[in-house]
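Here is the structure we will look at, set down as structure tokens.
The values are calculated or read from the model by the stated rules, or taken from the named source; none is laboratory data. Fair warning: this is a prediction, and the values are worked out from it, not measured in the lab. Virtual Cβ from ideal backbone geometry, glycine too; neighbours counted across all protein chains shown.
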């Protein structure tokens, strides 16, 4: 048995991840309205819309290789005037709200729309990005942000 096998025997191996953090709330309590967050077409959470701020964290599998991902936020349920407000989207501690507006895609009832921190019924927003996030962000940043001024 090698010295490496003795050291690693029974240990949990390190898995590299990119931390996604999202905070959102609704403008009214709606028991029939839900927010779904998808990563790479897999639903990672579905939450009932509430006026309280909902905090969500998810570790996106990462590696030293460039891997494409898609973050998608959807609001579904009975049509009402309730609106989802996205307070915060961060990947690895970097604010991605402005990046979502610049590089994201938004659809409202099948029609293209401008990504925003507010979302109504029949709307989804998505952002395609790669990990590691830092090289992608530097290559795709288009407007001034608090962490990089043009």
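Table: residues versus (1) closer than 25 Å to residue 139 by Cβ; (2) touching a helix residue (DSSP H, G or I) at 6+ places or on another chain (Cβ under 6 Å); (3) not in a strand (DSSP E or B).
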site: 52; (1), (2), (3): no, no, yes
site: 55; (1), (2), (3): no, no, no
site: 73; (1), (2), (3): yes, no, no
site: 79; (1), (2), (3): no, no, yes
site: 82; (1), (2), (3): no, no, yes
site: 98; (1), (2), (3): yes, no, yes
site: 106; (1), (2), (3): yes, no, no
site: 124; (1), (2), (3): yes, no, no
site: 127; (1), (2), (3): yes, yes, no
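Of the residues 34, 24, which is assigned to a strand (DSSP E or B) and more than 13 Å from the chain's Cα centre (by Cα)? Before you say what the answer is, go through the steps one by one.
Details: 24 fails: more than 13 Å from the chain's Cα centre (by Cα).
Checking each option against the conditions leaves just 34.
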Checking the structure you have, find out if any residue of the range 78-87 is exposed (fewer than 15 other Cβ atoms within 10 Å of the Cβ) and at pLDDT 80 or above. yes
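Give the residues of the range 62-71 that are within 17 Å of residue 138 (Cα to Cα) and touching a strand residue (DSSP E or B) at 6+ places or on another chain (Cβ under 8 Å), sorted by residue number. Let's see the steps before the verdict.
Of the range 62-71, the ones within 17 Å of residue 138 (Cα to Cα) are 64-69.
Listed by number, the residues that qualify are 66, 67, 68, 69.
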Within the range 100-115, of all residues that are within 22 Å of residue 27 (Cβ to Cβ) and buried (at least 17 other Cβ atoms within 10 Å of the Cβ), the one modelled with the highest pLDDT is 106
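When you scan the range 10-17, do you find a residue that is at positive phi, modelled with pLDDT under 80 and in a loop (DSSP other than H, G, I, E, B), even just one? Before you say what the answer is, go through the steps one by one.
Filtering the range 10-17 down to residues at positive phi leaves 10.
Of the ones still in play, those that are also modelled with pLDDT under 80 are 10.
Those left that are additionally in a loop (DSSP other than H, G, I, E, B): 10.
Yes: the range 10-17 contains one or more residues that are at positive phi, modelled with pLDDT under 80 and in a loop (DSSP other than H, G, I, E, B).
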State whether one or more residues within the range 39-61 are touching a strand residue (DSSP E or B) at 6+ places or on another chain (Cβ under 8 Å) and at pLDDT below 80. no
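Here's the yes/no breakdown for (1) surrounded by fewer than 15 Cβ atoms within 10 Å (Cβ to Cβ); (2) touching a residue at least 60 places away in the same chain (Cβ under 8 Å):
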{"position": "42", "(1), (2)": "yes, no"}
{"position": "73", "(1), (2)": "no, no"}
{"position": "91", "(1), (2)": "no, yes"}
{"position": "98", "(1), (2)": "no, no"}
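Could you please find all residues in the range 119-150 being surrounded by fewer than 11 Cβ atoms within 10 Å (Cβ to Cβ) and either more than 16 Å from residue 89 (Cα to Cα) or modelled with pLDDT of 80 or more (or both)?
Step one: filter the range 119-150 for residues surrounded by fewer than 11 Cβ atoms within 10 Å (Cβ to Cβ), giving 138-139, 144, 146, 149-150.
Those that are surrounded by fewer than 11 Cβ atoms within 10 Å (Cβ to Cβ) and either more than 16 Å from residue 89 (Cα to Cα) or modelled with pLDDT of 80 or more (or both): 138, 139, 144, 149, 150.
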